[in-house]
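Computed from the coordinates by the stated procedures, all read-outs in this text should not be read as laboratory data. Note that the coordinates shown come from a computational prediction; the quantities given were computed from them, not determined experimentally. Virtual Cβ from ideal backbone geometry, glycine too; neighbours counted across all protein chains shown.
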Amino acid sequence: MLMKSLYDFAVSRHLLDELAFKRATPVRWIIDLDVDGKLVGTGLRETQGQQRNKGKEYDVPKTLRPTNDGRVADFLVDDIGAIFGLNTKPQNELNERAAGNLCAKHDDFWQQIRGAATATGNPVFNAMLRFRDQLAGALPSFLRLDVTDSPKWMVRRANNDEVRLGNDLFTFAVGNVLFLDEEIREHWRQVHASEMREVEESAKPGLCIITGQTDVPIARTHTPMVTGLPKPAKGTGAGIVGFESDSFRSYGFEKSFNAPTSITASKAYLLALQYLSSRDDHWLSLGPGWLCFWAAETEQASGLFSRLLYRPDTLAIRNFMTAPWAGVERPPSNLESFTRLP
């Protein structure tokens, strides 16, 4: 079964070890503050990642609460909508509902910071709250709305030049303490564990079609969605399991209860897809579709296959494709299992 293979991959690569954090997420801008909540310098620190203008990859806190309606923010790392209550696409005017959702998301971001300050007493959170109080609802000094042609946000870097803001994520640092500080990470693990208990306690128990486990909490919807995929996948994310019309629903089941999967298993196969799709040695675009592949135990086998696909050598491909019919005197001592997604 496809999802079982993805689940096994997630387990083998330890992708379930830290569900409280989303791995390898680009965070481009760091807002450096002093302990009094004042901005250090006049611009922001820009991180450098492998992809230009995307930022350095971190394991960032990720909430289990539903974020689809735009009213829920992630902890410590988010966009200018959550942190400053600003329209991330100023060229499009917000309707009343969207404006209300944006306001709720902004409040949710800072409510989490206040809760963390109370729970931990960590000076990082207190400095962030002072920073917000000092803004008093005004635009931060490092952001500017450029109304030339189509309205767009401009962000000032630490060297005082300006660049156009993309779909970038921001976070805070106070002194040398970034959100990766172990005390902060431990606080979020506890919050995440509480969110998981709430999700599991409210879920229906049943049989998981991936693991075969019985009487386990069944996922109502399968999350987190796989993001960063090229079109025609949606920018908000894609998945394998979905039931959007009556023709796909059996015996009156709603949502993903048509494919009963435990909460943990659903997260595992989606995390596996997210991991695979972000690496060239596991993923290849083929016109409007994609080829996803991996070896069960070793990364080297996938790397060899990807090199054949990305930098094809006619003779090497011919030898590779005819090898199964060439015959060997005896099987190799360490057989490798290879799986692909069409």
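Measuring r between the beta carbons of Arg130 and Asn68 and using R0 = 30 Å, the FRET efficiency lands at 0.40. FRET efficiency for the pair Arg189 and Leu315, taken as 1/(1 + (r/R0)^6) with r the Cβ-Cβ distance and R0 = 41 Å, rounds to 0.20.
A dipole drawn for the chain from +1 and -1 charges on Cβ atoms has a positive end, and of Gly85, Gly303, Leu169 the residue lying farthest that way is Gly303. Ordering 168-177, 87-96 by mean Cβ neighbour count within 10 Å, with the highest value first, yields 168-177, 87-96. Estimated purely from DSSP H runs of n ≥ 4, each contributing -39500 (n - 2.57), the mean residue ellipticity at 222 nm for the chain is -10500 deg cm²/dmol once divided by its residues.
Dipole magnitude for region 1-117: computed about the Cα centre from +1 point charges on Lys and Arg Cβ and -1 point charges on Asp and Glu Cβ, it is near 340 debye.
Extension gain for Gln50-Thr118 works out to 20.8 nm (0.36 nm per residue, less the C-alpha to C-alpha distance). Think of the chain as having a plus end and a minus end, set by charges on the Cβ of Lys, Arg, Asp and Glu; of Pro217, Leu16, Ala272, Ala272 sits farthest toward the positive end of this dipole. For the chain, the number of Lys pairs separated by eight or more positions or lying on different chains, with C-alpha atoms closer than 18 Å, is 15. Once backbone amide H atoms are built at 1.01 Å from N, Ala173 has Ile31, Asp32, Leu33 as its partners under 5 Å, excluding neighbours fewer than 5 places away on the same chain. When the Gaussian network model of the chain links Cα atoms closer than 10 Å, the mean-square fluctuations of Ile263, Ile31, Ile240 top out at Ile240. The dipole here belongs to the chain: it is taken about the Cα centre, uses +1 on the Cβ of Lys and Arg and -1 on the Cβ of Asp and Glu, and is about 680 debye. Distance between the 7 Å Cα→Cβ label points at Glu57 and Asn167: 1.7 nm.
Using a cut-off of 15 Å between beta-carbons, work out the net charge of the residues near Val163 (Lys and Arg +1, Asp and Glu -1, Val163 not included). Walk me through the numbers on the way to the answer.
On the way: positive: Arg28, Arg45, Arg52, Lys54, Arg144, Lys152, Arg156, Arg157, Arg164; negative: Glu46, Asp146, Asp161, Glu162, Asp168.
Around Val163, the surrounding residues sum to +4.
Under the criterion of Cα pairs below 8 Å and six or more residues apart, the relative contact order for region 21-189 equals 31 percent.
Report the local net charge at Glu186: Lys and Arg +1, Asp and Glu -1, summed over other residues whose C-beta lies under 14 Å from its C-beta. Spell out each step's value before the answer.
Details: positive: Arg185, Arg189; negative: Glu18, Asp59, Asp181, Glu182, Glu183.
The answer is -3.
At an R0 of 25 angstrom, the distance between the Cβ atoms of Cys103 and Asp280 translates into a FRET efficiency of 0.05.
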